[in-house]
Structures are given as structure tokens and as C-alpha cells.
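First the structure, in the form of C-alpha cells, and then the observations on it.
Read-outs: derived from the displayed coordinates by stated rules, not from any lab. Computed from a predicted model, the values in this text were never measured in an experiment. Using ideal geometry, Cβ is built from the backbone for each residue, glycine included, and neighbour counts are taken over all protein chains shown.
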Amino acid sequence: MTGSTAPIVLADLPAQVRTAVGQARERVAALHGELTRYGLVVWTAGNVSERVAGADLFVIKPSGVSYDDLTPESMVVCTLDGTKIDDGTPAHLKPSSDTAAHAYVYRHLPDVGGVVHTHSTYATAWAARAEPVPCVLTMMADEFGGEIPIGPFALIGDDSIGRGIVETLRESRSPAVLMRNHGPFTVGTDARTAVKAAVMCEEVARTVHISRQLGDPLPIAQTDIDSLYDRYQNVYGQGPAPEEDPA
Ligand SMILES: O=C(CO)[C@@H](O)[C@H](O)COP(=O)(O)O
């Protein structure tokens with residue numbers, strides 16, 4: 001007895017799971033285009049994943065593949081311990097090198113449905129100094145509810161990065177953490193929300209950096225941060241579509 005279990009085969013899973021995987025693959029493949037559109041990544045250095053609704057699985061990009069070559073069919077499907085399943089991709093196609101970090105986040109933060117990692121320039125510059133981005137912009141109060149925190153230094157390859165992300169985000173309202181000497185990891189209810197947090201993270205890191213070239217940015221009072229955060233999270237935008245009138 002080896003104790004090893006047979007790999008999960010996507011084609012053998014119930015139809016609704018296969019449909020959910022297909023939809024997540026479409027979204028995750030397309031969202032990598034947003035990373036390049038907003039200039040958050042160079043070469044292949046960043047990744048998006050999304051939890052599969054109704055299954056203990058997530059979808060993530062393959063490692064080291066050019067963004068231009070990513071397709072829904074090439075998105076890799078993993079269990080929540082980060083193991084690739086028999087997902088119909090070639091056996092040699094490895095998931096992202098950050099898969100263990102994404103998997104750890106999904107296992108420990110059940111409300112998270114999407115995770116993004118980039119090395120976007122300004123956010124990573126703050127990470128290299130291990131300095132949180134202070135909350136000195138209304139846009140930061142809206143999206144992050146305070147400063148963007150720093151996570152610990154961690155090597156790639158085991159649970160260290162994931163542990164650092166989870167420990168840091170549990171202490172904060174921010175959906176972004178700047179892992180020391182590495183770069184931003186962001187989370188959201190789905191992959192699109194996590195991508196938005198990555199875009200906003202880079203934008204505010206850039207603006208606050210430029211502001212500091214001009215002098216000392218002015219802090220925002222905590223009560224105002226709380227009020228801005230509450231409005232943006234609960235009132236801003238269109239809200240859910242109204243019910244159709246049955247008449
Ligand atoms: O942070 C790192 C490596 O330092 C990774 O995010 C890579 O830059 C992208 O890896 P893949 O997703 O292509 O494996």
C-alpha cells in the first residue's frame with residue numbers, strides 16, 4: 001500500500017462542476033489580459049486564479065507561458081491543496097509557481113473566490129522597502145479601508161507565502177498585501193474583484209509615491225476613512241439589478 005489516491009479526473013466530475021470549471025477557465029484566461037492592459041506585469045511574471053463554484057477546486061494559469069498564448073483550455077485546474085487534477089491539459093503543463101500560495105489562501109479564507117499576484121512597479125517598490133502605503137487618498141479609503149499592509153519575507157515553493165498573506169490580511173480590511181521584497185497579492189470575492197484590487201493597488205502606490213516627492217502627504221482622519229470605506233463598499237455603483245416586474 002502506498003497510500004496514494006487516484007487523481008481526480010475532470011471528465012468524470014458531475015456536469016455542473018464541469019460547467020463551472022469551464023466558466024472559471026474563460027474568466028481567468030481573459031482576466032490575464034487585464035494585467036497586461038493595465039501594465040501590471042512584464043513577461044510572464046504574474047498570475048490570476050479563481051475558486052470553482054460548488055467544488056473544492058480552483059483554476060490558475062500555467063507557469064511561464066506567455067500571456068498572448070493563454071487560452072481557457074490551457075488554464076490548469078487544481079485541488080485546494082494545490083495539486084493539479086487530470087484536467088485535460090497535457091501532463092507536462094505545470095500550474096503557476098505561486099499555486100501553493102493561492103491554494104493556502106483558498107483553504108484558509110473561505111470568502112475569497114479570486115487571488116491575483118503581480119510585480120507591478122510602484123507597489124513592488126514599496127514592498128522592497130517593507131513600507132506600508134499610508135492611507136492618504138480617498139480612493140485608498142474607499143478600496144482598502146486603510147493602509148496597504150506589508151507581509152513577511154517568504155520563499156516560493158511551500159506554504160510560506162500563503163501563510164504570510166493570510167496572517168496579514170486577517171488583521172486588515174485591505175484586499176491587498178505587499179509581500180516584503182516580492183510584490184502585491186490581492187484577493188476578492190471572485191477573480192475580477194481581485195484583479196480590480198491589483199489595479200487600484202498599483203495606482204495608489206504610484207500616486208502616494210509621487211506625492212512624497214512633493215512633500216509629506218496629509219493623513220486622513222480614521223473616522224473619515226471609515227465613512228469613505230462604508231460608502232464605497234455599500235452604496236457606490238449600481239448595486240444588484242432590480243427584480244423584473246412580473247406584470
Ligand atoms: O513571483 C514569482 C517568481 O518570483 C512568480 O509570480 C512568477 O513571476 C510568475 O510565475 P508563473 O505564474 O509564471 O509560474
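Is there a quick way to get the dipole size of the chain? I mean about its Cα centre, with the Cβ of Lys and Arg at +1 and of Asp and Glu at -1; what is the value in debye to the nearest 20? Kindly include the intermediate steps, with their values, before the conclusion.
Details: 19 positive and 31 negative charges, 124 e Å.
Charge dipole of the chain: 600 debye, to the nearest 20.
Hey, what angle do you get for helix 222-234 against the long axis of the chain, alpha-carbon based, 0 to 90 degrees rounded to 10?
40
Per residue of the chain, what 222 nm ellipticity follows from adding -39500 (n - 2.57) for every DSSP H run with n ≥ 4, rounded to the nearest 500?
Numbers: 7 runs with 97 residues, N = 247.
Value at 222 nm, helices only: -12500 deg cm²/dmol.
Going by how many other beta carbons lie within 10 Å of each one, how would you line up Glu244, Glu147, Glu50, fewest first? The partial results should precede the final answer.
Values: Glu244 6, Glu147 18, Glu50 28.
Ascending number of Cβ neighbours within 10 Å: Glu244, Glu147, Glu50.
Roughly speaking, what is the stretch gain from Tyr232 to Asp159, that is 0.36 nm per residue apart minus the C-alpha to C-alpha distance, in nm to one decimal?
Values: separation 73, 0.36 × 73 = 26.28 nm, distance 3.31 nm.
Full-extension gain reported as 23.0 nm.
Pick from Leu169, Leu218, Leu57 the residue whose mean-square fluctuation is largest in a GNM of the chain, springs joining Cα atoms under 10 Å.
Of the options given, Leu218 has the highest mean-square fluctuation.
Over 23 Å apart: what share of the alpha carbon pairs of segment 1-104 falls there, rounded to a whole percent? Don't jump to the answer; show the numbers that get you there.
On the way: 1220 of 5356 pairs.
Taking all Cα-Cα pairs of segment 1-104, the fraction more than 23 Å apart is 23 percent.
Within the set of other residues whose C-beta is less than 10 Å from the C-beta of Val199, count the net charge using Lys and Arg as +1 and Asp and Glu as -1. Spell out each step's value before the answer.
Values: positive: Arg37, Lys196; negative: Glu34, Glu143, Glu202, Glu203.
Its environment carries a net charge of -2.
Taking the Cβ of each residue in His182, His209, His92 as the centre, tally the other Cβ atoms inside 10 Å and list the residues starting with the fewest.
Result, fewest neighbours first: His92, His209, His182.
Given R₀ = 41 Å, FRET efficiency for Leu214-His92 by Cβ-Cβ distance, to 0.05?
Between Leu214 and His92 the formula returns 0.20.
Starting from the alpha-carbon convex hull of segment 128-223, give the projected area averaged over all orientations, in nm².
Numbers: hull surface 25.4 nm².
Directional mean of the projected Cα hull area for segment 128-223 stands at 6.4 nm².
How do Tyr106, Tyr122 rank when sorted from fewest to most other Cβ atoms within 10 Å of their own Cβ?
Numbers: Tyr106 26, Tyr122 19.
Lowest count first: Tyr122, Tyr106.
From the C-alpha gyration tensor of segment 68-174, pull out the three semi-axes of the equivalent ellipsoid (sqrt of 5λ each), sorted largest to smallest, in whole Å.
So the equivalent ellipsoid measures 29, 15, 14 Å along its semi-axes.
How far apart, in nm, are two points set 7 Å out from the Cα along the Cα-to-Cβ line at Arg170 and at Asp12?
It is 3.5 nm.
Identify, among Gln16, Gly162, Pro72, the residue whose Cα sits farthest towards the positive end of the charge dipole of the chain, taking +1 on the Cβ of Lys and Arg and -1 on the Cβ of Asp and Glu, with the dipole about the Cα centre.
Gly162
Enter the angle in degrees (range 0 to 90, nearest 10) between the Cα long axis of helix 191-214 and the first principal axis of the Cα atoms of the chain, meaning the one along which they spread out most.
30
Evaluate the charge dipole of segment 59-123 about its Cα centre and quote only its size in Debye, nearest 20, assuming +1 on the Cβ of each Lys and Arg and -1 on the Cβ of each Asp and Glu. List each step's numbers first, then the result.
Numbers: 4 positive and 8 negative charges, 36 e Å.
The dipole of segment 59-123 has a size of about 180 debye.
Work out how far the C-alpha atoms of the chain reach from end to end along every principal axis, then list the three figures in whole Å, largest first.
Principal extents (Cα only, largest first): 63, 59, 36 Å.
Would you mind counting up the charge near Glu34? Only other residues with Cβ under 15 Å from its Cβ, with Lys and Arg at +1 and Asp and Glu at -1. Can you show the working numbers first?
On the way: positive: Arg27, Arg37, Lys61, Arg192, Lys196; negative: Glu26, Glu50, Asp68, Asp190, Glu202, Glu203.
Once positives and negatives cancel, what remains is -1.
Dipole size in debye (nearest 20) for segment 1-120 around its Cα centre, Lys and Arg Cβ +1, Asp and Glu Cβ -1? Mind dumping the intermediate values first?
Values: 9 positive and 13 negative charges, 22 e Å.
For this selection, approximately 100 debye.
When the chain is treated as a GNM, springs tying every alpha-carbon pair under 10 Å, which of Pro62, Pro184, Pro14 comes out with the largest mean-square fluctuation?
Of the options given, Pro14 has the highest mean-square fluctuation.
Check the straight Cα-Cα distances from Lys94 and name the lysines below 25 Å, setting aside those fewer than 8 residues away within the same chain.
Within the straight-line limit of under 25 Å, Lys94 reaches these lysines: Lys61, Lys84.
Please identify which residues in segment 173-208 have an amide N closer than 12 Å to a label point set 7 Å out from the Cα of Ala130, following the Cα→Cβ vector.
Flagged as within label range: 180-182.
What angle do you read, to the nearest 10 degrees and between 0 and 90, between the alpha-carbon axis of helix 160-170 and the longest principal axis of the chain?
50
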